[in-house]
1. Given the conditions (1) over 19 Å from residue 276 (Cβ atoms); (2) assigned to a strand (DSSP E or B), report the number of the one that residue 79 does not fulfil.
2. Are there strands (runs of 3 or more DSSP E) fully within the range 9-48 with at least 2 residues that are without any contact (Cβ under 8 Å) to a residue 40 or more places away in the chain and assigned by TED's automatic domain parsing to the domain that holds residue 118? List them.
3. Could you check the range 228-262 and list, in sequence order, the residues that are touching a Leu at 6+ places or on another chain (Cβ under 7 Å) and assigned to a strand (DSSP E or B)?
4. Among the residues of the range 378-415, which ones are among the aromatic types (Phe, Trp, Tyr) and surrounded by 22 or more Cβ atoms within 10 Å (Cβ to Cβ)?
5. Answer yes or no: is there a residue in the range 227-249 that is of a type outside the set (Ser, Thr, Tyr), under 30 Å from residue 149 (Cα atoms) and surrounded by fewer than 19 Cβ atoms within 10 Å (Cβ to Cβ).
6. Determine whether the range 407-417 contains at least one residue that is assigned to a loop (DSSP other than H, G, I, E, B), assigned by TED's automatic domain parsing to the domain that holds residue 340 and modelled with pLDDT of 95 or more.
7. Filter the range 57-70 for residues that are part of a helix (DSSP H, G or I) and of a type in the set (Gly, Ala, Ser); which is surrounded by the fewest Cβ atoms within 10 Å (Cβ to Cβ)?
8. Look through the range 375-392, keep the residues that are outside any loop (DSSP other than H, G, I, E, B) and within 22 Å of the chain's Cα centre (by Cα), and return whichever of them is farthest from residue 292 (Cα to Cα).
Amino acid sequence: MSATPRYRTVVDLYVLLQRADGRILLLERANTGYADGLLCPPSGHMEAGESMAQGAAREANEEVGVGIDPAALEFVHVVHHRSSPEKEGRVGVFFVARQWSGAPYNREPGKCARLVWADPGDMPGTTVPYTAAAMAAIAAGHPFSLDGWPTTAAQPDAAGQAAPLGAPTPHVHESELVVLGPDALPADLAALVESVAGPVQAVVDRSQARKCSVFQVTTSDGQVFAKRHLNDHFHQREVHAYTSFVAWLSQGRTPRLLASDAGTRAVVLTALPGTPLLEAGLTAEQQLGAYRSLGGLIRGLHDCVPAVAARPTRFAERARSHLARTLGLVGAADRKLLLAYCARLDAIAPELPLRQGHGDLQERNIVVLPGTSEITVGLLDFERTELAMPSREVVRLQDGPWASNPALREAYFHGYGRTPSPLEAEAELGHAAADCASALAWGPTHPEDPEVLERAHRTLARLRALGTP
């Protein structure tokens, strides 16, 4: 027998409180240092001396105040999760409760921002990735899943040998990963890929809720990404970015452009190794390190080309057009408030020079890179790059992950090298109002991306609290 100590693991217990209409209860995490701003069911760690069912019932009572008979809990799923290859795995056990006593309420407001009832077959985009992966497996009828563990091996070549792969592939949840044959890639994209990366062997459709088409492609030379842009404008922006200023940023922190075709609006990019920030499972201190790294990267982007003189803007005019499509959904007072912030932005814009910006800075486009002593992040998706006020860059972070963890904002600007000036802080509020107006018009007709509308409502609540500028 081996003298090695027996392996022990953390057991996470989840309770899916399910109403008669099928919806389940989710909590928005806050001030915990892990996945703050994201949604998950009532959950917690199993404690010594209790059964899994007893622990699940206890956690539901502690977090949302309901009483559950452990014997009434129905087991539905177990997931073996690992946030990265360097970390230990953990086991998540999911139970369904359809009967309980008491009305659910936020019993831990210091750790939870709000309660949300959601369709378990169509989980919000802001669900904790670990939870979302398990819920997808549950919806598919699988009692067991792996999350964050290796899922596929290299495809054998004609001689029966495993084809060599290039850089490590980005982290993919097994429940989301559907490996398709070479024919799944459109013929024109396949031709572009094979012109620079060898024969296509396997394909994963990574488009998700995006309007563009994105494919993770395994070739005989390794992994690449093939992308077809929604329109010529996005295609031209991204090709220009990769062939000019992106190449000047730190090596290895962005993908590289391998090929492009204007006729089909397609590009082939190298795979950026690492783990998406949303799935990295970082500690509170590591999250701060990630945002310090991000701030430094964005400062390099802003400084990579000379600033351009400011020019007149039409933020209030565009916001008025967006809000005209939201009649009945946005009250008159809120419309007036948003337009006031946009008008103020128009007034101060001529005083603020323009810098090269990313244009879509949010956590889905940030990757935690492997193999560094300090947390280092890279950046994806440059199709929205343009010259803009630097204050615009952080809007989707401010009312996204920073809303529940202001320390992340401080870390970002520490890495950036300076805090915003008073005029830039005003401009940031104006950009938030402009983004909010756009999101309020776009979100209701695009339920596949609920985070857009949720972020807009957080922005609106923040601006209401601040009052008219």
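1. Evaluating residue 79 over (1) over 19 Å from residue 276 (Cβ atoms); (2) assigned to a strand (DSSP E or B) leaves (1) as the failure.
2. Details: elements: 11-17, 24-29, 43-45.
In the range 9-48, the matching strands (runs of 3 or more DSSP E) lie at 43-45.
3. 228, 257, 258, 259, 261
4. First, pick out the residues of the range 378-415 that are among the aromatic types (Phe, Trp, Tyr): 382, 402, 412-413.
382, 412, listed by residue number.
5. Step one: list which residues in the range 227-249 are of a type outside the set (Ser, Thr, Tyr), which gives 227-241, 245-249.
Now drop any that are not under 30 Å from residue 149 (Cα atoms), which leaves 227-228.
Narrowing further to those that are surrounded by fewer than 19 Cβ atoms within 10 Å (Cβ to Cβ): none.
Taking every residue of the range 227-249 in turn, none turns out to be of a type outside the set (Ser, Thr, Tyr), under 30 Å from residue 149 (Cα atoms) and surrounded by fewer than 19 Cβ atoms within 10 Å (Cβ to Cβ).
6. Within the range 407-417, the first condition is being assigned to a loop (DSSP other than H, G, I, E, B), and the residues that meet it are 417.
Those still in the list that are assigned by TED's automatic domain parsing to the domain that holds residue 340 too: 417.
Add one more test, that the residue is modelled with pLDDT of 95 or more, and what stays is 417.
Looking through the range 407-417, at least one residue is assigned to a loop (DSSP other than H, G, I, E, B), assigned by TED's automatic domain parsing to the domain that holds residue 340 and modelled with pLDDT of 95 or more.
7. First pass over the range 57-70, keeping only residues part of a helix (DSSP H, G or I): 57-64, 70.
Adding the requirement that they be of a type in the set (Gly, Ala, Ser) leaves 57, 60.
Numbers: 57: 25, 60: 29.
Among those that are part of a helix (DSSP H, G or I) and of a type in the set (Gly, Ala, Ser), it is 57.
8. In the first step, residues of the range 375-392 are kept if they are outside any loop (DSSP other than H, G, I, E, B); the result is 377-379, 386-388, 390-392.
Those left that are additionally within 22 Å of the chain's Cα centre (by Cα): 377-379, 386, 390-392.
Values: 377: 9, 378: 12, 379: 14, 386: 23, 390: 17, 391: 17, 392: 18 Å.
The extreme case among them is 386.
The values are calculated or read from the model by the stated rules, or taken from the named source; none is laboratory data. Since the structure is predicted, the reported quantities are computational estimates derived from the model, not experimental observations. Because the Cβ atoms are built from the backbone with ideal geometry, glycine has one as well, and the counts that use them run over all protein chains shown.
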